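Each remark here refers to the structure printed beneath this line.
Every read-out reported here was derived from the displayed coordinates using simple, explicitly stated rules and does not represent laboratory data. Not measured: the values here are computed from a predicted model. Note that we place each Cβ from the backbone using ideal geometry, even for glycine, and neighbour counts take in every protein chain shown.
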Amino acid sequence: MDRRDFIKKSMASVTLIAGSGMLLPSCKKDLRSELMGIDRVQGKPAQLDNDGYKILYYASLAPSGHNSQPWFVKIISKTQWVIGSDSDRWLLQVDGENRETMLALGAFIENLAQAANAFGYAVETTIIAKERFDSDVVKIDLVKSKALNIPLQRILTRRTVRSHLLSKELNASDVNDFSKSADGHLSYFPVGTEHADFINKAEVDNYTVQSENKKAMEELALWIRFHDDKARKFRDGLTVDGMEISGFAGWYVSHFMDNKDVMTKAFSDKGIEKTKKQVTEGAGWLVITSDGNRVKDLIETGRRFQRMALTAREKMIAIHPMTQVLEEKNGQKHIKKEHEAGVIPQFMLRIGYLNKYPDSVSLRRPVEWFVRS
Ligand SMILES: Cc1cc2nc3c(=O)[nH]c(=O)nc-3n(C[C@H](O)[C@H](O)[C@H](O)COP(=O)(O)O)c2cc1C
């Protein structure tokens with residue numbers, strides 16, 4: 001056993017006991033504020049003007065499963081783009097039908113549309129993909145028009161929040177607002193109700209099944225950025241901050257763990273334990289549904305989700321997508337039984353009020369990395 005292994009083994013148990021919530025004072029600047037910023041243009045592609053570059057920067061702050069950022073953008077002209085789906089970034093082990101890829105592209109397009117409206121462009125979108133594995137998905141036409149007063153700060157500060165959710169029920173007015181953003185395709189199951197308990201159990205069961213699936217864990221390992229050098233190099237995936245592992249646990253994980261540790265029993269046990277705890281916290285579940293499963297339906301659902309998510313911070317509401325129940329075959333069957341044919345759950349969102357809203361920390365690739373001419 002070398003010195004690093006010795007330190008790692010002797011500290012592992014301490015970290016697992018300390019868990020991820022233990023905070024130590026840290027003077028480390030987070031990578032997002034170090035690396036990212038709307039005014040930090042690093043190499044604007046010649047085909048884009050300043051507005052175009054900024055619109056795509058805002059678009060790229062969209063959420064995606066494992067933060068895989070499954071998009072590319074083909075620039076046809078300054079005002080005509082094609083949003084594409086990057087097959088190198090598909091999560092085929094957990095998202096074998098590319099459903100979540102389409103949802104993430106929908107969120108990207110919602111950010112894009114809001115930013116374009118704020119910069120004085122109307123946006124026309126045309127779905128060009130016939131199926132979920134097509135490379136070219138949506139054509140975008142920007143048409144100069146009156147700038148709308150849209151708070152872009154919402155896009156900069158939106159984030160997934162998984163910790164410290166309060167178990168107080170959501171106010172009816174907040175649920176109504178969310179439902180409007182989701183065009184009515186939303187149901188709320190408050191904490192303590194039978195259906196919320198049903199979802200809690202289904203989430204833990206399916207998380208457990210997934211964490212015992214070697215291929216799913218190998219895929220996850222590819223997207224974890226335990227060390228800053230990898231995070232800086234790839235600017236995607238799940239960083240230690242992004243996974244909300246803070247304080248001593250965060251320090252330990254970023255110094256002593258690497259991607260092969262994701263395959264250990266200790267790692268999956270810790271994940272299951274954390275999931276069991278998470279479902280006991282919060283205001284219950286929001287479920288976003290769609291009427292169909294075509295590309296068009298999924299893009300629209302991603303947009304609805306994002307419209308809702310962009311208003312969560314001002315309401316002090318955390319949103320935590322937990323997708324395993326919709327990814328695992330048994331989970332899908334179980335959930336399908338509970339719904340009529342035309343009501344298809346697409347997002348299972350654990351939600352809850354927060355006392356303090358954390359800053360956004362997840363990384364994104366710069367625009368020039370995902371633009372193709
Ligand atoms: C379709 C989709 C599925 C997701 N599934 C999960 C999930 O199962 N568990 C989780 O903790 N986060 C999930 N997320 C959140 C992503 O991990 C998160 O968006 C990504 O890491 C970027 O972080 P940010 O949302 O804070 O910008 C999902 C997001 C999307 C869009």
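List of remarks:
- Here is the list for the stretch 145-236: GluC sites (Glu not before Pro) lying in DSSP coil, each with at most 13 other C-beta atoms within 10 angstrom of its C-beta, are Glu212.
- P(r) histogram, all alpha-carbon pairs of the chain included - 10 Å bins from 0, percent: 5, 23, 34, 26, 10, 2, 0
- Peptide ranges 135-142, 302-309, 66-73, 42-49 listed from the most packed, as the mean C-beta count within 10 angstrom indicates: 302-309, 66-73, 135-142, 42-49
- Site pair Thr280 and Asp261 shows an inter-label distance of 2.5 nm when each label is modelled 7 Å from Cα along Cα→Cβ.
- Zone of Asp39's modelled label, taken as backbone nitrogen in the stretch 348-373 under 19 Å from a point 7 Å along Cα→Cβ: 367
- In terms of its C-alpha gyration tensor, the stretch 91-214 comes out oblate, because a/c is 1.5 or above while a/b does not outweigh b/c.
- For Phe72, the residues whose modelled amide H falls within less than 5 Å of its own, excluding neighbours fewer than 5 places apart on the same chain, are Gly84, Ser85, Asp86.
- The separation of the stretch 121-188 from the stretch 291-339, counted between C-alpha centres, amounts to 12 Å.
- Residues within the reach of a label modelled at Asn355 (point 7 angstrom out along Cα to beta-carbon, backbone nitrogen below 17 Å), restricted to the stretch 153-185, are 162-169.
- Cross-link table Lys214/Lys260; Lys276/Lys336; Lys78/Lys144; Lys74/Lys139; Lys54/Lys146, entries beyond 19 Å C-alpha to C-alpha: Lys276/Lys336
- Between Asp269 and Leu222, the modelled label-to-label distance comes to 2.9 nm, taking each label 7 Å out from Cα in the direction of the beta carbon.
- 12 Å cut-off, amide nitrogen to a point 7 angstrom out along Thr79 Cα→Cβ, residues in the stretch 140-158: 141-146
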